[in-house]
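Trainee: I have a structure I would like to understand better, so I am pasting it below and will then ask my questions one at a time.
The values are calculated or read from the model by the stated rules, or taken from the named source; none is laboratory data. Remember, predicted model here, so these are calculated numbers, not experimental data. Here Cβ is always computed from backbone atoms with ideal geometry, including for glycine, and neighbour counts include all displayed protein chains. Please note that ligands, DNA and RNA were not included when accessible areas were found on the heavy atoms of the full protein model with its side chains. Shrake-Rupley method; radii C 1.70, N 1.55, O 1.52, S 1.80 Å.
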Amino acid sequence: MMRVLRPGLLTTVQDLGRVGHQRHGVVVGGAMDELAHRVANLMVGNDEAAPTLEITLVGPSLKFEADAVIAICGGDLSATVAGWKLPLWRPLRVRAGTVVDFGGARQGCRAYLAVAGGWDVPQVLGSASTYLRAGIGGHQGRALQAGDTLAWRAPGPLAQAWLAQAAEDAVEAAPWSVSYQIRPDYRPQVRVRVIAGPQADWFTEESREAFHAAVFTVGSQSDRMGYRLQGPTLSLREPRELISEAVTMGTLQVPPDGNPILLMADRQTTGGYAKIAQVARVDLPLVAQLKPGDQIGFDPVSLAEAQRALRQRERDLNELAAAVRGLPGISWRSRARAG
Amino acid sequence: MQTVRIEPLGDGAAVVRLGTRIDPETHRQVRRLVLAVDRDAPPWLVELVPAFTTVTVFYDAVQADFAEVEDWLRSRLAVLGDDPLPPPREVRIPVCYGGEFGPDLGVVAAHNGLTEDEVISIHSQGEYLVYMIGFAPGFPYLGGLSERIATPRRSTPRVSIPAGTVGIAGMQTGVYPISTPGGWQLIGRTPVRLFRPEQDPPTLLQAGDIVRFDPISPEEYQALLEGGDVQ
């Protein structure tokens, strides 16, 4: 059992989303940073789709009331145990009674906390993801509050072997972590690759050039549904109405005011604004870690290149999963031994 | 079928364009393609999003690239034909019009030079086709609103519209399944739940259904709500 001592700004249970119900208007949702979520699960021997906690900007304080193997991936939200800064992107073993304290964001915006076994919440339409607007999924359809308790399911054999090793300290870290080939280079200024959108040719030549040349600022009205971007105003060659059709995560749609909206995890299933571009899926984790005020630019990429990059990433993740499975014994490092 | 365009929506979806206008024949082609893809469900298929004139096919780009998906879809389009579709389901939705549930009923009446009772009569005598579900879980885009009660959206959207509210926006009418902000003219409310996350499919309505609205009194609204007949 884990007890929430302080909930943080917005801490929700997420998985890989409510896939398969978009035709009924059901929002997919799921982890904003798919990669961090998946890697956190792989680090603790879970299926990559197991529910994790998505922790946003200002983190919670969480008390583990039983021994657990956890991993924290994604943005650096200053996680500590008794003042020791916890390393990210590696398995951590915490003993019963340990309090994991998160603080503010030092890098990125969202951290993912996986526990071996996966957080135990009911599935709604095949997913554990919290969708706040409809009040479904996750822990009672809402963000975590102080006093909530969350259980986790039985850890897999790998984590059980790790838990069976003798412990020296309240928290210990594995002596290895995920390679930098897999970890995204989260920055407050990013350039991401985009594929031309279905209505790219509706825009003026100047607007299309400006779109790729400019740097856009993430607006204050940005959340899990989408980011409002401030930069050059983009205009259509002539006024045109789009009949509503599907949108997806990473879609850049442009309402009549000319300021693009970058749709994220909790986007609607369909939209009626012209779509100038679509962020390549492999680059979405960089977008997921942006905060209001951060900056983003868009470089054109071909569909074939985007799909090649995606397949390479999936191969890398498969290799990571296989490597972790081959590590039943770890020489755990306690705070003292880590220095 | 050579006029059908198929184009990428990013690196994991293909948009099949079956027409350029919202009309029942394009809608039937959308439904035919959905049935055909669902029936054969290739291993790379993630899910489909049917809309007014398009079917967007989400696929696993690790298993297939765009060209493969497009070829497969064209092979299905070539034999789509004019097959009759299964007969539409007819769904009746009880609505308590006006009063606190429909604060804009008077606006719709005044805009069209009608009495409130005439608006109710016209709205509830209509037969509406569910073209698509989108915007929110279970939200139906309905065709078939009489021009006589068409009314533009409010200039300032409301911050929150209660679930079950029936509204009009231009030539469209619809029902809000969950509480959301919105700019529609609100004419009534149904006690029936349109979004049912505990069920599969999780919605009262599906694309292709025919909807009729039955006027009910506030007492009947309460009785339905309390009687649990609305699921």
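Trainee: Per residue, how much accessible area does the protein assembly as shown show when a 1.4 Å probe rolls over the protein heavy atoms, in square angstrom?
Mentor: Result: 40 Å² per residue.
Trainee: For the charge dipole of the protein assembly as shown, defined by +1 on Lys and Arg C-beta atoms and -1 on Asp and Glu C-beta atoms about the Cα centroid, which residue among A:273, A:104, A:216 has the Cα displaced farthest towards the positive pole?
Mentor: My answer, from the dipole projection, is A:104.
Trainee: When only DSSP loop residues count, what GluC sites (Glu not before Pro) in the range B:83-144 have their Cβ near at most 14 other Cβ atoms within 10 Å?
Mentor: B:127
Trainee: If I compute solvent accessible area with a 1.4 Å probe over the protein chains, what percent of it on chain A is carbon and sulfur?
Mentor: Exposed carbon and sulfur together represent 49 percent of the surface.
Trainee: Summarise the partner chain shielding of B:129-139 as one whole number: the mean count of Cβ atoms from other chains within 10 Å of each residue's Cβ.
Mentor: Average per residue, whole number: 6.
Trainee: Could you list the residues of the range A:67-103 with an amide nitrogen less than 18 Å from a label point located 7 Å from the Cα of residue A:149 in the Cα-to-C-beta direction?
Mentor: Answer for the range A:67-103: A:67-68, A:95-100.
Trainee: Turning to a different aspect of this structure: Placing unit charges on C-beta atoms (Lys and Arg positive, Asp and Glu negative, everything else neutral), compute the dipole magnitude of chain A about its Cα centre in debye, rounded to 20.
Mentor: Using Cβ point charges on Lys, Arg, Asp and Glu, chain A gives about 560 debye.
Trainee: Taking springs between alpha-carbon atoms closer than 10 angstrom, which of B:178, B:22, B:120 fluctuates most in the Gaussian network model of chain B?
Mentor: Greatest mean-square fluctuation among the candidates belongs to B:22.
Trainee: Counting only protein heavy atoms, what percent of the accessible surface of the range B:5-77 is carbon or sulfur at a 1.4 Å probe?
Mentor: Carbon plus sulfur share of accessible area: 51 percent.
Trainee: While we're here: Expressed in nm to one decimal, what extension gain is obtained for the pair residue A:85 and residue A:6 from 0.36 nm per residue of sequence separation less their Cα-Cα distance?
Mentor: This chain segment gains 26.6 nm when fully extended.
Trainee: On to the next question. Taking +1 at the Cβ of each Lys and Arg and -1 at the Cβ of each Asp and Glu, which of B:85, B:41, B:66 sits farthest along the dipole of the range B:26-92 towards its positive end, judged by Cα position relative to the Cα centre?
Mentor: So the residue furthest toward the plus end is B:85.
Trainee: Could I ask something else about it? Calculate for the protein assembly as shown the 222 nm mean residue ellipticity that helices alone would give, adding -39,500 (n - 2.57) per DSSP H run of length 4 or more and normalising by residue count, nearest 500 deg cm²/dmol.
Mentor: -6000 deg cm²/dmol
Trainee: Something else now. Using the Cα centre as the reference, give the magnitude of the dipole from point charges on the C-beta atoms of the range A:199-339 (Lys, Arg: +1; Asp, Glu: -1; all else neutral), rounded to the nearest 20 debye.
Mentor: 1000 debye
Trainee: Kindly give Rg over Rh for chain B, based on alpha-carbon atoms, with the Kirkwood expression for the hydrodynamic radius.
Mentor: Taking Rh as the inverse mean 1/r over Cα pairs, Rg/Rh reads 1.03.
Trainee: A further question follows. Express the carbon and sulfur contribution to the solvent-accessible surface of the range B:90-227 as a percent, rounded to the nearest whole number, probe 1.4 angstrom.
Mentor: 51 percent
Trainee: Right, something else. Quick one: work out Rg over Rh on the C-alpha atoms of the range B:90-227, Rh as Kirkwood radius.
Mentor: Using Cα coordinates only, the ratio equals 0.93.
Trainee: Would you list which aspartates and glutamates come within 17 Å of residue A:85, measuring only between C-alpha atoms, while excluding same-chain residues fewer than 8 positions from it?
Mentor: A:76, A:101, A:169, A:172
Trainee: Then there is this: Where does helix B:24-40 land angle-wise versus the long Cα axis of chain B, in degrees 0 to 90, nearest 10?
Mentor: The angle comes out at about 50 degrees.
Trainee: Moving on to the next point. Would you mind giving the three semi-axes, in whole Å and largest first, of the ellipsoid equivalent to chain A according to its Cα gyration tensor?
Mentor: Those come to 37, 20, 18 Å.
Trainee: Separation between the residue A:327 and residue A:240 pseudo-spin-labels, each 7 Å from Cα along Cα→Cβ, expressed in nm?
Mentor: Simple spin-label model gives 5.1 nm for this pair.
Trainee: For the pair residue A:180/residue B:92, report the inter-label distance in nm, with labels modelled 7 Å from Cα in the Cβ direction.
Mentor: Output for this residue pair reads 7.0 nm.
Trainee: Further, regarding this structure: I need the calculated FRET efficiency for the pair residue B:171 and residue A:107, taking r as the beta carbon distance and R₀ as 41 Å, to the nearest 0.05.
Mentor: Computed FRET efficiency for residue B:171 and residue A:107 comes out at 0.25.
Trainee: Between chains B and A, what is the buried accessible area in Å², counting both sides, with a 1.4 Å probe and ligands, DNA and RNA left out, to the nearest 100?
Mentor: In total, this chain pair buries about 3300 Å².
Trainee: Still on this model: Let me spell out the model: positive unit charges on the Cβ of Lys and Arg, negative unit charges on the Cβ of Asp and Glu, origin at the Cα centre of the range A:89-194. What dipole size does that give, in debye rounded to 20?
Mentor: Value, rounded to 20: 600 debye.
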